[in-house]
Amino acid sequence: MEEKFELTAQGKEDLEKELERLKSVDRPANIEALKEARAQGDLSENADYDAAREEQRRIEGRIFEIETILKNATIISSVSSDEVSIGKKVKILYTKLNREFTYDVVGTIEADPFNGKISNTSPLGKALLGGKVGDVIEFSAESGRSQEVKILAIE
């Protein structure tokens with residue numbers, strides 16, 4: 001049985017764009033690089049050929065990965081609710097630090113904490129799910145330290 005992936009509509013669109021770029025831009029450029037490297041002669045000691053083959057493996061692997069994700073994706077639509085769920089934007093206050101942060105709660109495939117996208121399976125993401133504005137939530141960060149956040153807004 002294949003793994004199921006939860007994606008937001010934006011995450012699906014981003015993957016479709018990446019797949020299109022890989023197939024229409026990256027793959028043809030790589031094929032051209034392979035042709036040029038082959039034209040140089042002896043392939044046994046041809047660094048350009050080796051690099052082009054490695055890039056080909058990367059491109060084909062990523063195409064396969066994206067196609068598998070899209071084939072097995074469940075698109076999460078943000079239901080209008082006053083609770084935190086996948087697809088919602090959440091503004092929180094770290095009470096001990098007195099610092100506010102805004103995160104999009106997304107599925108694991110889309111997670112990118114450095115760009116404000118946290119996974120629903122991360123410690124913070126799990127703790128926030130089902131929370132409402134005004135809730136104060138305590139959770140254990142990945143470092144093992146106890147953290148406390150207050151939900152300020154949900155969009």
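The values are calculated or read from the model by the stated rules, or taken from the named source; none is laboratory data. These numbers come from a predicted model, not from an experiment. Heads up, the Cβs are rebuilt from the backbone with ideal geometry, glycines too, and the neighbour counts pull from every protein chain shown. Side chains included, ligands, DNA and RNA excluded: accessible areas come from the protein's heavy atoms. Shrake-Rupley method; radii C 1.70, N 1.55, O 1.52, S 1.80 Å.
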**Failed criterion for R99 (all others in (1) open to solvent by 80 Å² or more (accessible area, probe 1.4 Å); (2) touching a residue at least 12 places away in the same chain (Cβ under 8 Å) hold)** = (2)
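Out of all the residues in segment 118-138, which are under 24 Å from the mean Cα position of the chain (by Cα), farther than 17 Å from E100 by Cβ and not in a loop (DSSP other than H, G, I, E, B)?
As a first pass, look at segment 118-138 and keep what is under 24 Å from the mean Cα position of the chain (by Cα): 118-131.
Subset that is farther than 17 Å from E100 by Cβ: 119-123, 125-126, 129-130.
Passing the criteria: S119, P123, G125, K126.
Hey, which of the helices (runs of 4 or more DSSP H) in segment 1-115, taking only ones fully inside, have at least 3 residues that are at pLDDT 90 or above and hydrophobic (A, V, I, L, M, F, W, C)? Show your work before the answer.
Numbers: elements: 9-21, 27-39, 47-71.
Correct list: 27-39, 47-71.
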**Asked** For F139, all conditions in the list (1) surrounded by 15 or more Cβ atoms within 10 Å (Cβ to Cβ); (2) at pLDDT 95 or above hold save one; what is the number of the exception?
**Response** (2)
